[in-house]
1. Per the Cauchy relation, a quarter of the hull surface: what is the mean projected area of the convex hull of the alpha carbons in the range 213-260, in nm²?
2. Determine one quarter of the surface area of the Cα convex hull of the range 374-482, which equals its mean projected area, and express it in nm² to one decimal.
3. With the radius of gyration and the Kirkwood radius both derived from the Cα set of the range 283-411, what is their ratio Rg to Rh?
4. Considering the alpha-carbon set of the range 496-610 alone, what are its Rg and its Dmax in angstrom?
5. Given the -39500 (n - 2.57) contribution per DSSP H run of 4+ residues, what per-residue ellipticity at 222 nm results for the chain, rounded to the nearest 500 deg cm²/dmol?
6. Can you compute the charge dipole magnitude of the range 69-142 about its Cα centre, using +1 on each Lys and Arg Cβ and -1 on each Asp and Glu Cβ, nothing else charged? Give it in debye, rounded to the nearest 20.
7. With charges set only on the Cβ (+1 for Lys and Arg, -1 for Asp and Glu), what does the dipole of the range 226-385 come to about its Cα centre, in debye to the nearest 20?
8. Return the unpartnered cysteines for the chain, using a Cβ-Cβ cut-off of under 4.7 Å.
Amino acid sequence: MSSTQNPGTRPRVRAPELVGRGWLNTGGETIRVADLRGRFVLLDFWTFCCINCLHVLDELRETEERFAEELVVVGVHSPKFVHEADPDALAAAVERYGVAHPVLDDPDLVTWQAYTARAWPTLVLIDPEGYVVAQYAGEGHAHAIAALLAELVPLHRERGTLQPGDSPYVPPVVEPSDLRFPAKAVPISRDTAAGRVEGVLVADAGHDEVVLLAAGGDDGTVLRRFGGFREPNGLCLLPEEVAAEVGYDVVVADTAAHRLVGLSPATGETRTLAGDGTQWMQGDGTERLSSPWDVAWWGDRVWVAMAGVHQLWTFDPRTGEVAVAAGTTNEGLLDGAPAEAWFAQTSGLAADGDRLWLADSETSSLRVLERATERATGEAGGGLVVRTIVGSGLFDFGFRDGPADQALLQHPLGVTVLPDGSVAVCDTYNGAVRRYDPATGEVGTLASGLAEPSGAFVDGEHLVVVESTAHRLVRLRLDADVVATDGFSHSTQRPVTEVAAGLRLVVSFTPPPGQKVDDRFGPPSQLMVESTPPGLIRSGGGRGTDLVRTIELDPHAGEGVLHVAARAASCDAHGGEGAACRMHQQDWGVPVRVVDGAPDVLTLPLGGAE
């Protein structure tokens with residue numbers, strides 16, 4: 001296992017300046033590194049599409065509170081998608097996710113490059129004298145940062161270099177509204193043992209509530225609110241016979257609480273169905289969940305878009321059984337058998353007979369889980385297979401209609417089956433509703449100019465769309481003309497790293513203060529390396545336990561993306577009963593170009609002191 005060198009043997013690195021288009025949460029003030037001298041500064045490089053970044057926002061809250069006088073957290077928003085570079089969209093996201101610290105708007109990735117960030121999220125700790133002292137990639141590092149601060153704060157206080165003070169954070173003014181960043185909606189009309197329920201249920205993420213609106217939903221009349229949630233996103237109405245048997249009507253994907261919750265709208269009663277409120281990490285079983293984003297009834301159970309780990313899970317309301325149904329936890333776009341397929345933050349589900357449609361947001365794709373022919377799977381009866389309809393990868397997106405294999409989306413969050421068998425896609429970051437027709441294989445645009453549409457349902461001759469950042473539901477006619485657009489295509493622009501064909505990949509990791517690598521019960525680390533295109537790697541790909549790997553790249557492939565997934569476990573150094581162990585993990589997509597004479601070592605920091 002590789003680790004960083006002893007901090008005393010390396011030259012100290014002065015923190016580069018914070019440069020961007022502007023600032024949020026500062027009352028209009030510009031912040032410079034020098035303004036924060038005398039306090040520790042934690043830079044959080046994030047982008048609001050990224051589920052791992054949202055996890056880190058939650059992880060850091062306790063550390064922010066514990067070291068409120070000594071530490072200033074600064075978010076550096078470095079966007080992946082074109083939409084995320086829009087300043088209004090960023091301001092909405094900062095409010096939506098309750099970001100309670102200053103945020104630098106870095107649309108051109110100037111500060112991102114200055115700090116050599118390679119992944120979302122990346123965390124950089126700066127000491128009170130303005131020097132970088134630690135860097136981390138991925139999630140699961142809050143305890144490591146807290147342990148390092150607990151060690152460094154007394155040292156700097158003794159030196160006189162620590163000058164505690166107030167944060168420059170200034171909360172934004174929030175206009176009240178009945179709905180706040182609603183996510184999904186589902187109509188309900190049924191008699192229950194406790195009375196009749198009629199209306200539209202809305203996952204009102206910004207208010208941490210599920211809201212019952214009057215029938216139709218688009219007039220905004222609120223009939224009842226159900227609290228006790230944390231950023232709920234998905235809603236699944238159970239079949240009436242199943243609801244009568246289990247005693248609740250709706251399954252709620254309670255995203256930020258990492259739970260599935262059963263809701264009885266007639267009484268307001270809720271019950272936790274799955275998840276213990278703690279985020280799933282590698283090595284955990286199905287008793288923990290990770291940011292379930294949407295839920296749908298398919299077959300004889302509830303299917304769950306487990307966005308936080310890039311998988312599909314199932315929940316059986318009759319037995320309470322929770323199971324992993326598809327995905328490896330690797331993030332990407334790979335079709336095939338469910339156990340081998342890769343997903344990327346699946347955020348929308350819609351069942352249609354033998355098909356389950358998926359909106360896979362981070363690959364900007366529309367995908368389907370369906371019965372395959374025996375010829376395709378080699379199994380009698382066909383089996384299930386994952387197939388991509390629209391989309392080509394993690395970094396390619398746009399706004400283009402036409403044949404499905406040429407069409408482009410931008411971070412879709414919702415999918416709805418229409419009465420004629422076609423599929424409506426809430427193309428969230430394009431502000432559009434797109435329509436895919438399986439009969440023709442064509443994609444068209446049903447509506448545009450919407451504010452981050454994230455879910456929809458059919459109501460007679462209309463499609464009712466959840467317009468999330470407009471905080472409302474809107475009604476579209478299903479017989480409206482579907483138009484063809486040829487807007488734009490885009491690939492996420494990040495610096496390409498020039499590397500030699502013979503490459504030594506090093507994932508650097510140092511256990512947090514007070515912890516050590518513990519291999520008594522097996523290998524404490526894992527490294528997976530793949531590439532796009534697959535032929536870029538001649539040898540050295542695949543999965544192993546060492547965080548150092550020699551890879552042979554094909555010079556004729558020219559360039560591509562290395563997909564690297566690493567994790568490492570550390571445990572309390574004292575050991576014994578009650579010792580805590582932590583998992584550190586991150587996925588990187590590193591654009592590389594094979595060049596003669598280029599560096600033959602690529603180092604990716606999983607975490608540790610400089």
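1. Averaged projected hull area, Cα only: 4.1 nm².
2. 8.0
3. 0.97
4. Answer for the range 496-610, Rg first and Dmax second: 16.0, 54 Å.
5. -3000 deg cm²/dmol
6. With Lys and Arg at +1 and Asp and Glu at -1, about 300 debye.
7. So the dipole magnitude of the range 226-385 works out to roughly 180 debye.
8. Flagged as lacking a Cys partner: CYS49, CYS236, CYS426.
Throughout, read-outs are computed from the coordinates displayed, never taken from laboratory work. As the structure is a prediction and not an experimental result, all values here were calculated from the model. With ideal geometry, Cβ positions are generated from the backbone for all residues, glycine too; neighbour counts draw on all protein chains shown.
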